[in-house]
1. Name the residues in segment 6-25 that are closer than 16 Å to Cys88 by Cβ and assigned to a loop (DSSP other than H, G, I, E, B), would you?
2. Identify, by number, the condition in (1) of a type outside the set (Asp, Glu); (2) open to solvent by less than 80 Å² (accessible area, probe 1.4 Å); (3) over 26 Å from the mean Cα position of the chain (by Cα) that Val42 doesn't meet.
3. Counting only residues that are surrounded by 10 or more Cβ atoms within 10 Å (Cβ to Cβ) and among the polar types (S, T, N, Q), which one in segment 116-127 is modelled with the highest pLDDT?
4. Tell me, which residue of segment 1-10 that is loosely packed, with under 11 Cβ neighbours inside 10 Å and modelled with pLDDT of 90 or more is nearest to Lys71 (Cα to Cα)?
5. Which condition does Glu25 not pass, out of (1) open to solvent by less than 70 Å² (accessible area, probe 1.4 Å); (2) over 21 Å from Val103 (Cα atoms), if it passes all the others?
6. Go through the residues of segment 91-104 one by one and say whether even a single one is closer than 17 Å to Lys13 by Cα, surrounded by 12 or more Cβ atoms within 10 Å (Cβ to Cβ) and of a type outside the set (Phe, Trp, Tyr).
7. Test Val149 against the criterion of being touching a helix residue (DSSP H, G or I) at 6+ places or on another chain (Cβ under 9 Å), at pLDDT 95 or above and not in a loop (DSSP other than H, G, I, E, B), and give yes or no.
Amino acid sequence: MKTITQKTTSEKKTLLEEARLEEKELGRKVMAAGVEEFSDIVWADKVEKLAADIPDTGNLLVDSIREKLPKAIRKLVGTKHTTWADFCKAVCELRPSEILEKVEEEREAAMIQQQLKTLMNPPSNAVEGPQHCTSQHHPDIEPHPPTTVHVLASSQDHNPADDIHIAIRSREDGGHPGEHFTHSSRHSSRPCTV
């Protein structure tokens, strides 16, 4: 009969750190021990057992494992759960609909952040400053006034990308908004720092 070699504490810790929950798995059911269950619940059960097997009795690894979760789960669970039991219970109690809603919010926020980054930091090959056509170069083309971009966001209590308003104004239109690109449910006139 072959004896089973016990894993070292370091190997057990590595197994815990390698237990990943990917964003693409969120809201999906997977098979675990012959039972179909949501991926976040399977992940939470697995990491709780792995942590107990180390054993991480001081709950020293909870924060590092939380940081490896998809952003949507991290935000929903928060940082107040400092023991494995509390942390894993909080993950298991998340409703699939709220997870998927948060995933969508995070994707929209990332898209808006990228659009703002593109607006605020044009490609390096772009010519800086407003460009005007002159009748000297193009007699049939009228000069275009420079465009001002105003970015407005809501409170500092949450991610500004959740409530960003971008109003593009032309000096020619007397300060009235030309086009509006809006992603918001609430707003104020506080300038957003990007």
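The values are calculated or read from the model by the stated rules, or taken from the named source; none is laboratory data. Please read these numbers as outputs of a predicted model, since none were measured by experiment. FYI the Cβ positions are ideal-geometry reconstructions off the backbone, even for glycines, and counts take in every protein chain you see. Side chains are part of the model used for accessible areas, which takes the heavy atoms of the whole protein and leaves out ligands, DNA and RNA. Shrake-Rupley method; radii C 1.70, N 1.55, O 1.52, S 1.80 Å.
1. Residues satisfying the conditions are Ala19, Arg20, Leu21.
2. Only one criterion in (1) of a type outside the set (Asp, Glu); (2) open to solvent by less than 80 Å² (accessible area, probe 1.4 Å); (3) over 26 Å from the mean Cα position of the chain (by Cα) is unmet by Val42, namely (3).
3. Of everything passing the filter in segment 116-127, Thr118 is modelled with the highest pLDDT.
4. Restricting to residues being loosely packed, with under 11 Cβ neighbours inside 10 Å and modelled with pLDDT of 90 or more, the top hit is Ser10.
5. Among (1) open to solvent by less than 70 Å² (accessible area, probe 1.4 Å); (2) over 21 Å from Val103 (Cα atoms), the lone unmet condition for Glu25 is (2).
6. No, every residue in segment 91-104 fails to be closer than 17 Å to Lys13 by Cα, surrounded by 12 or more Cβ atoms within 10 Å (Cβ to Cβ) and of a type outside the set (Phe, Trp, Tyr).
7. No: the conditions fail for Val149.
Every residue, every condition in (1) open to solvent by less than 30 Å² (accessible area, probe 1.4 Å); (2) in contact with a Phe, Trp or Tyr (Cβ under 9 Å, 6 or more places away or on another chain); (3) within 30 Å of Glu11 (Cα to Cα); (4) at pLDDT 95 or above, yes or no:
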site	(1), (2), (3), (4)
Ala51	yes, yes, yes, yes
Glu67	no, no, yes, yes
Thr83	no, no, yes, yes
Asp86	no, no, yes, yes
Ala110	no, no, no, no
Gln114	no, no, no, no
